[in-house]
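For reference, the structure discussed in these notes is given below.
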């Protein structure tokens with residue numbers, strides 16, 4: 001079985017004050033997804049890695065759907081050039097809408113918000129509320145420590161063996177998407 005992705009949600013950082021290699025990688029992710037005919041769903045911002053993913057997809061002719069809370073839109077952080085920008089009333093509704101709209105999820109480098117989004121969608125898949133694969137693009141080894149931590153949590157019995165591989169890790173987007181397309185969600 002191989003899944004087809006129409007829309008992939010990308011979680012990533014909103015800071016511009018990061019190593020330019022992360023920004024370049026984010027733009028390339030947008031280009032690559034558009035090149036595969038996959039629309040991007042993301043947090044709707046024009047800054048940081050978020051903005052670069054959107055720009056990369058748009059400049060390659062892709063569709064980009066942003067979902068941003070009113071509070072962040074009021075700070076003029078929303079990207080105005082998207083296929084569609086949905087303005088919602090809360091972070092909770094933002095995540096719910098992005099989850100509903102997407103066929104799969106990929107986390108790029110980011111901070112607390114990125115981690116929170118990554119773990120929420122992974123937990124939803126683990127518990128059987130959705131059957132959508134989750135991946136991490138491990139650029140520059142950014143997520144090496146997280147991968148090691150998840151291995152330890154599994155070894156210590158906090159993550160069931162059948163759920164150990166729920167998050168796919170790769171440092172190459174094509175390899176990551178291919179692994180996610182072939183993945184099967186384990187039974188709870």
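Of note:
- Over region 7-182, Cα pairs under 8 Å with separation of 6+ residues give a relative contact order of 20 percent.
- Whole-angstrom Cα spans of region 1-63 along principal axes, big to small: 40, 20, 19
- Compared with the direct C-alpha span, the chain from residue 112 to residue 83 gains 7.7 nm at full extension, assuming 0.36 nm per residue.
- Report note on the peptides 36-45, 8-17: ranked by the mean count of other C-beta atoms within 10 Å, highest first, their order is 36-45, 8-17.
- Centre separation in Å (Cα based) which lies between region 143-168 and region 1-58: 25
- Highest average first, the peptides 70-76, 139-145 ordered by how many other beta carbon atoms sit within 10 Å of their residues are 139-145, 70-76.
- Cα Rg over Rh - the chain, Kirkwood: 0.95
- In degrees, nearest ten, helix 91-101 long axis to first principal axis of the chain (Cα): 80
- Per residue, the convex hull volume that the Cα atoms of region 25-126 enclose (Å³): 91
- Between residue 181 and residue 92, residue separation times 0.36 nm minus the direct Cα-Cα distance comes to 29.3 nm.
- Axis of helix 144-155 versus longest Cα principal axis of the chain: the two differ by about 30°, to the nearest ten degrees.
- Relative to the longest principal axis of the Cα atoms of the chain, the long axis of helix 112-126 makes an angle of roughly 50 degrees.
The numbers here are math on the coordinates, done by the rules we state, and not lab data. None of the values given here were measured: they were computed from a predicted structure. Using ideal geometry, Cβ is built from the backbone for each residue, glycine included, and neighbour counts are taken over all protein chains shown.
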